[in-house]
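Visitor: Can you read through this structure? Questions will come right after.
What follows draws every value from the coordinates through simple rules; no lab data is involved. Note that the structure is a prediction, hence the values are computed from the model and not measured. Ideal geometry is used to build each Cβ from the backbone, glycine not excepted, and the neighbour counts take in all protein chains shown.
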Amino acid sequence: RQRVLSGIQPTADSFHLGNYLGAVRQWVAMQDSYDAFYFIPDLHAITVEHDPKTLADRTRNAVAQLLALGLDAERCTLFVQSHVPEHAQLEWVLGCLTGFGEASRMTQFKDKAARQGADRATVGLFTYPILQAADILLYQADGVPVGEDQRQHLELTRDLAQRFNTRFGKAFTVPEPFIPSGNAKIQDLQDPSAKMSKSASSPAGIIELLDEPKVSAKKIRSAVTDTEREIRFDPEAKPGISNLLTIYSALTDRKVSEIEADYAGKGYGDLKKDLAEVVAQFVEPLRERVRTYRDDPAELDRVLARGATRAREVAGATLAVVHEKIGFLPPT
Ligand code: TYM
């Protein structure tokens, strides 16, 4: 079986619809056809200022959400990054192969650094994409299911894998990005020219999976649209309505064209009301399942302990090869 690997940061109390439609939904679908590794990158989460208690809570919450969304710890390997020290170890080696200019061109770093102010941006934020490359290459992943915003980080990962393999001999599989065609970029409801984002969107722009349905309904009602009346998919001219149609289509598994036909002659208010209902039907049972998982932290810890053991087997084997190839003496 081919292997996939992906991660989602514990930087908010709830995942949002973009995380689910762009990434986690694919992860769930891939559990049986792939040897799947999924993890919570808590090392990445401390590249921006954070509160320790909140991080611990959000990490457990992230695991609970992944299980509630359909990951099954019997069918995939689910773990927390900091439980596998090999991630930070490989990051060092890859950092020594990454050009300073090359790292400086990462657009997510530039955006985040600009938002924080040059003095507050950390070195960890700068090396973030190199750690991400280590995450992927440690597991010899063939594919990495992510949203569109991760494309550049995946390019860097491929470059680093090829560079290492060429210079020191083959140690890494060169991974392919698995980016879904329709839902790879869910937009901010308040600013449909930007992606829905945990760190950059205003609360009104994000549909959080754990929000109460009436909160989401209000956000959908207030979503920015345009001054026409026609419900038509046209991301250039009508980014707001097109984004609502994308979400509607993804959550109902129906074609956008069918939904357009249903709403011929109807107004934006009708579409928004029905979409709020579709979202409510999705999140109601989910919220309940998350609560159930949250109520059993001992079981979550057992899942993570098992995941870490399996992850360390694979990661340790890769790191040993890497160390040997770059000329580190074996221990003992
Ligand atoms: P993160 O935590 O920001 O997002 C998790 C996943 O959700 C996708 N995503 C979206 N998809 C569609 N529309 C959106 N508006 C949207 N917003 C987020 C992301 O593309 C991602 O797939 N750097 C990564 C975490 C990471 C990682 C890794 C991923 C660390 N190491 C190794 C893959 C492999 C991140 O911050 O994702």
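Visitor: With a cut-off of 8 Å between alpha carbons and a minimum separation of six or more residues, what is the relative contact order of the chain in percent?
Guide: Taking the mean separation of contacting Cα pairs over the length of the chain, I get 22 percent.
Visitor: In segment 262-289, which residues have a backbone nitrogen under 19 Å from the label point lying 7 Å from Thr227's Cα in the Cα-to-Cβ direction?
Guide: Residues 268-269 qualify, since their backbone N sits under 19 Å from the label point.
Visitor: Here's another thing I want to ask about it. Suppose R0 equals 35 Å; then what is the FRET efficiency for Glu74 and Val321 from their Cβ-Cβ distance, rounded to the nearest 0.05?
Guide: On the way: r = 29 Å, r/R0 = 0.82.
Efficiency, from the Cβ-Cβ distance: 0.75.
Visitor: While we're looking at this one, here's another question. When we measure straight from the Cα of Lys185, which lysines land under 19 angstrom away, once same-chain ones fewer than 8 places off are left out?
Guide: Within the straight-line cut-off, Lys185 pairs with Lys112, Lys195, Lys198, Lys219, Lys238, Lys255.
Visitor: Report the calculated FRET efficiency for Glu313 and Asp57 (r = Cβ-Cβ distance, R0 = 30 Å), to the nearest 0.05. Each step should come with its number before you reach the end.
Guide: Details: r = 29 Å, r/R0 = 0.96.
E between Glu313 and Asp57, to the nearest 0.05, is 0.55.
Visitor: With an 8 Å cut-off on Cα pairs and a minimum separation of 6 or more residues, tell me the relative contact order of segment 121-277 in percent.
Guide: Dividing the mean separation by the residue count of segment 121-277 yields 17 percent.
Visitor: How big is segment 1-133 along each principal axis, measuring the range of its Cα positions in Å and listing the largest first?
Guide: Between the extreme Cα coordinates on each principal axis of segment 1-133 lie 43, 32, 26 Å.
Visitor: What longest range of the chain stays clear of loop-exposed GluC sites (Glu not before Pro) (DSSP non-H/G/I/E/B, at most 11 other C-beta within 10 angstrom)?
Guide: Between exposed loop sites, the widest span is 75-235.
Visitor: Now a separate question. Residue separation times 0.36 nm, minus the C-alpha to C-alpha distance between Ser181 and Ala200: what's the value?
Guide: Numbers: separation 19, 0.36 × 19 = 6.84 nm, distance 2.34 nm.
Length difference between fully extended and current span is 4.5 nm.
Visitor: May I pose another question? Give the calculated FRET efficiency between Phe100 and Ser257 to the nearest 0.05, with a Förster radius of 41 Å applied to their Cβ-Cβ distance.
Guide: Efficiency, from the Cβ-Cβ distance: 0.30.
Visitor: What lysines could a cross-link reach from Lys170, if we take a straight Cα to Cα line under 17 Å and drop same-chain neighbours fewer than 8 places away?
Guide: Straight-line reach from Lys170, under 17 Å: Lys325.
Visitor: Follow-up. What residue among Ile241, Ile259, Ile40 shows peak mean-square fluctuation when the chain is described by a Gaussian network model with Cα springs under 10 Å?
Guide: Answer for the Gaussian network model of the chain: Ile259.
Visitor: Taking only the Cα atoms of the chain, how large is their convex hull per residue, in Å³?
Guide: That works out to 146 Å³ per residue.
Visitor: Short version: ³J(HN,Hα) in whole Hz for each residue of segment 262-276, in order, from phi by Karplus 6.51 cos²θ - 1.76 cosθ + 1.60 (θ = phi - 60°), x for Gly and Pro, what are they?
Guide: Rounded to whole hertz, the list is 4, 9, 4, x, 9, x, 4, x, 5, 4, 5, 5, 5, 5, 4.
Visitor: OK, next. Quick one: which residues, 5+ away or cross-chain, put their amide H under 5 Å from the amide H of Ala36? H built at 1.01 Å from N.
Guide: Those lying under 5 Å, H to H, from Ala36 are Val4, Thr77.
Visitor: Once amide H atoms are placed 1.01 Å from N in the peptide plane, what residues at a sequence separation of 5 or more from Lys195, or on another chain, have their amide H within under 5 Å of its amide H?
Guide: Asp188
Visitor: Tell me, what ³J(HN,Hα) does each residue in segment 61-69 have, in order and in whole Hz, if you take phi through Karplus 6.51 cos²θ - 1.76 cosθ + 1.60 with θ = phi - 60° and put x for Gly and Pro?
Guide: With the stated coefficients, segment 61-69 comes to 5, 5, 5, 4, 5, 4, 5, 5, 7 Hz.
Visitor: Test of understanding: ordering Asp270, Asp149 by Cβ neighbours within 10 Å, fewest first, what list do you get?
Guide: Asp270, Asp149
Visitor: Still on this structure: List the trypsin sites (Lys or Arg not before Pro) within segment 101-199 that fall in a DSSP loop (any state other than H, G, I, E or B) and whose Cβ has at most 13 other Cβ atoms within 10 Å.
Guide: Values: sites: Arg105, Lys110, Lys112, Arg115, Arg120, Arg151, Arg158, Arg163, Arg167, Lys170, Lys185, Lys195, Lys198; in loops: Arg105, Arg120, Lys170, Lys185, Lys198.
Sparse-neighbourhood loop trypsin sites (Lys or Arg not before Pro): Arg105, Arg120, Lys170.
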